[in-house]
Every structure is written in C-alpha cells, then in structure tokens.
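Here's the structure we're looking at; comments come further down.
The values are calculated or read from the model by the stated rules, or taken from the named source; none is laboratory data. Since the structure is predicted, the reported quantities are computational estimates derived from the model, not experimental observations. Cβ placement follows ideal geometry from the backbone for every residue including glycine, while neighbour counts extend to all protein chains displayed. We work out accessible area using only protein heavy atoms, side chains counted, and drop any ligands, DNA or RNA first. Shrake-Rupley method; radii C 1.70, N 1.55, O 1.52, S 1.80 Å.
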Amino acid sequence: MEGDETSSSFPMGDTAQERGLSQVPECYVIPTSHRPSLNPETADVPVIDLVGFQDSSSRRSITVDDIGNACRRYGFFQITNHGIDQFVLDGALSSAFDFFRLPTEEKSKFMSNDVHKPVRYGTSLKDGVDKIQFWRVFLKHYAYPLEDWVMSWPENPPAYREHMGRYAVEVRKLALEIMGAITESLGIGAKYLSNKMEEGMQVMAVNCYPPCPQPGLVLGLPSHSDYSCFTILLQSTTGLEILDTEDGKWRAAPELKGTLQVHVGDHVEVLSNGRYKSVVHRATLHKERTRISIASLHSLGMDEKMETAEELVDEEHPKGYKESSFRDFLNFLAKNDIAEGKGFIETLRIQY
Ligand SMILES: O=C(O)CCC(=O)C(=O)O
Ligand SMILES: [Fe+2]
C-alpha cells in the first residue's frame with residue numbers, strides 16, 4: 001500500500017493464540033465510524049473473461065468495452081482466463097506465506113521506514129504514540145526489470161526469488177495488455193502509453209494480515225487509493241473491501257479462485273481526466289486465518305510525469321489534474337500519513 005512506515009511494535013506470530021492475545025492492544029482500535037462490518041455485503045463487481053482477448057478483434061472490442069464500463073462504474077474489476085497458471089499464483093502466495101513465517105530477525109534485515117528504498121519490510125503505519133496502528137506486515141520490492149532487483153529480494157525462503165519472480169514477470173505482461181485495453185476504452189488508442197509503460201515501474205507490495213482476535217475493531221489497511229496507473233491484486237482469501245461511490249457503502253470483493261483483481265489507480269484517474277476514478281479500498285481481517293495479498297502496482301517510470309490526455313480535455317471537460325511522477329508520490333508519502341488527511345490524488349486535483 002501506498003502509505004506506510006515501519007514500527008517494531010507489531011505483535012508477530014502466526015496465530016492470535018501463539019501471540020497470546022485475546023484482545024487487540026488499544027493502539028490498533030479504530031474509531032467506531034471506521035470499523036468494518038463482520039458480515040459485509042459482497043460487491044457485485046464485473047468479472048471479465050480475457051479468453052480470446054488477443055486473438056479476435058470482435059472479442060477484443062467487447063472486452064475493451066467491458067473494461068471501460070467497469071473502470072467508469074467501479075474503478076475495479078476481476079479477471080479470469082488471464083493466462084497466468086494456477087501453479088504460478090499458488091507459488092507466489094506460498095512463497096509469501098513462507099517469508100512471513102521466518103523468524104523476525106531474518107525479516108528485520110529488510111526493515112526500513114525509508115519509502116525510497118527499493119526493498120523494505122515493515123509493520124503497520126507510522127510510528128507514534130497517538131497514532132492508530134494497522135494490523136499488517138509487508139514486504140515491498142521493485143520488480144521490473146526483474147534482473148535489476150531480484151538479487152536484492154530475500155534469499156529466504158529459498159524458493160522466494162524464483163516463485164515470486166515468475167509471478168512478477170507474468171503479471172507485468174498482463175499489465176501491459178490491460179493498460180492497452182484501458183487507453184483503447186478511453187478512445188485514445190491501445191498504444192497511447194505502451195512505450196512509457198515498457199519503461200515503467202512495477203512495485204510489489206506483499207501483504208500479510210495475521211489473525212486478529214477482534215476483527216470488528218481493527219483494520220489491516222485503512223481506506224486509500226493506489227498511486228499507480230492500476231494495481232493487480234492476488235489474494236489468498238477474502239478481506240479486500242471497496243467503497244461504492246454511488247451509495248457510500250463498503251462491500252467485500254468476492255472470492256473466486258484463480259481470478260485477479262484490478263484496481264484503477266490515481267494515475268489512470270489523471271490520464272482519463274476523471275472519467276475513471278481510482279477505487280478507494282481497505283483490507284479487513286480474519287479471526288483465525290492469516291491472509292496474504294500480493295499487490296502489483298504498475299506505473300510509468302520513476303521520473304516520468306503522468307499527464308491528462310489532451311484528447312480528453314475540452315470546454316466541457318477542462319483539465320482536472322496536475323501532472324505527477326512516481327517519485328512525486330514517494331516524496332508525498334515521505335511527508336504524509338495516508339491514514340490521516342488527504343490522499344495523493346487530492347493534491348493533484350485542480351480547483352477552478
Ligand atoms: O490486501 C489487500 O487486499 C489490499 C492491499 C492494498 O490495498 C495495497 O497493498 O495497496
Ligand atoms: Fe491499495
């Protein structure tokens with residue numbers, strides 16, 4: 001996720017029982033108005049089948065329309081037949097589980113609260129006595145080009161680099177296809193960003209949410225949108241919730257084995273001049289289960305500014321956003337706590 005710092009206070013252990021906790025410490029308890037429902041409604045979000053997407057132009061144009069409609073209505077959709085084998089998905093999830101099961105000393109080698117670091121491990125959000133903590137540990141690493149970064153990923157568990165690396169390569173290929181479909185659906189052509197995306201960034205946020213004795217009082221991640229063009233999420237079980245902007249309700253993303261979830265991020269909102277809005281989402285917790293999610297965030301290069309497409313600006317739709325790069329986002333993150341105050345996208349909106 002896009003806003004976090006480390007703290008050493010997170011109670012680690014694989015189960016709540018192991019950690020000996022029957023109640024969550026006060027610093028994790030969130031205000032009543034932000035507490036999640038223990039039985040959330042399931043979001044009725046589109047499931048888009050990518051079968052034949054690249055092979056037939058009539059199939060492609062239906063899929064592109066579906067993707068455009070999903071981005072406009074929800075900023076979110078799920079994909080099936082995306083071409084990534086189940087064993088690749090399972091390998092990534094199990095290597096993530098195995099990493100988080102390592103002793104704390106091993107994981108702490110990567111501990112840092114410097115948001116500019118390409119590989120870092122952390123817990124919760126910003127440190128601080130008065131701040132609410134969130135029930136999550138994470139490992140974040142850059143992933144493209146893989147050969148530049150993989151040697152700085154964890155050596156343990158021994159299969160981590162191979163399994164996570166294989167998933168990273170496949171999900172990036174998929175991401176380039178999805179970016180093409182998104183720009184095509186905006187009417188600016190499938191190749192509009194392809195050169196810049198070829199040179200773009202891929203950041204993987206590997207999230208672990210240990211079981212929580214009181215999941216109704218705590219969140220794994222607070223409400224936020226991702227800075228990326230879009231994020232592709234792989235989850236081991238339910239827990240992701242999205243905010244429906246039509247009725248202001250939080251709903252759970254459904255669990256469909258083998259599907260991947262696509263979140264529109266801030267940079268596609270900017271590109272599209274607000275036709276597609278970045279989806280506001282959060283992560284909830286389970287009482288007995290550890291949940292893993294792997295968010296692959298795709299954006300332009302570190303210093304490449306994302307601008308609103310000129311083709312999407314006219315008298316009726318004046319330019320609504322300032323340009324920004326991934327580095328601009330990191331600089332924002334270094335100074336702001338996303339659990340409080342404004343999100344990055346709000347700093348980009350132009351007020352007339
Ligand atoms: O764990 C999840 O479902 C969401 C993760 C997320 O939002 C993020 O890493 O940005
Ligand atoms: Fe996110």
Would you point out the residue of the stretch 309-329, among those that are of a type outside the set (Asp, Glu) and in a loop (DSSP other than H, G, I, E, B), that is most open to solvent (accessible area, probe 1.4 Å)?
322
Of all residues in the stretch 36-45 being surrounded by fewer than 16 Cβ atoms within 10 Å (Cβ to Cβ) and of a type outside the set (A, V, I, L, M), the one that is farthest from residue 245 (Cα to Cα):
39
Identify all residues within the stretch 126-151 that are at pLDDT 95 or above and exposed (fewer than 14 other Cβ atoms within 10 Å of the Cβ); write none if there are none.
145, 147, 148, 151
Examine the stretch 266-274 for a residue that is touching a residue at least 12 places away in the same chain (Cβ under 8 Å), surrounded by 21 or more Cβ atoms within 10 Å (Cβ to Cβ) and hydroxyl-bearing (Ser, Thr, Tyr), and state whether such a residue exists.
yes
Just one of 90, 85, 66 is within 21 Å of residue 168 (Cα to Cα), surrounded by 15 or more Cβ atoms within 10 Å (Cβ to Cβ) and out of contact with any Lys or Arg (no Cβ under 9 Å at 6 or more places or on another chain); which is it?
90
Checked 252, 205 against criteria (under 30 Å from residue 300 (Cβ atoms), among the small types (Gly, Ala, Ser) and either within 15 Å of ligand 2 (Cβ to nearest atom) or surrounded by fewer than 23 Cβ atoms within 10 Å (Cβ to Cβ) (or both)); the one match is 205
Matching residues in the stretch 191-228 (assigned to a loop (DSSP other than H, G, I, E, B) and free of Cβ contacts under 8 Å to residues at least 24 places away in the same chain) number 1
The condition of being surrounded by fewer than 20 Cβ atoms within 10 Å (Cβ to Cβ), more than 30 Å from residue 275 (Cα to Cα) and of a type outside the set (Val, Ile, Thr) holds, among 112, 95, only for 112
Picking from 172, 166, the residue that is more than 16 Å from ligand 2 (Cβ to nearest atom), open to solvent by 10 Å² or more (accessible area, probe 1.4 Å), within 30 Å of residue 342 (Cα to Cα) and not in a strand (DSSP E or B) would be 172
Any residue in the stretch 284-303 that is more than 15 Å from residue 255 (Cβ to Cβ) sitting within a Cβ distance under 8 Å of a residue that is of a type in the set (Asp, Glu) and away from ligand 2 (no atom under 14 Å from the Cβ)? List the pairs, counting only those 6 or more apart or interchain.
290/14; 300/199; 301/199
Which numbered condition residue 225 misses (of (1) away from ligand 2 (no atom under 12 Å from the Cβ); (2) among the small types (Gly, Ala, Ser); (3) under 22 Å from residue 271 (Cα atoms)):
(1)
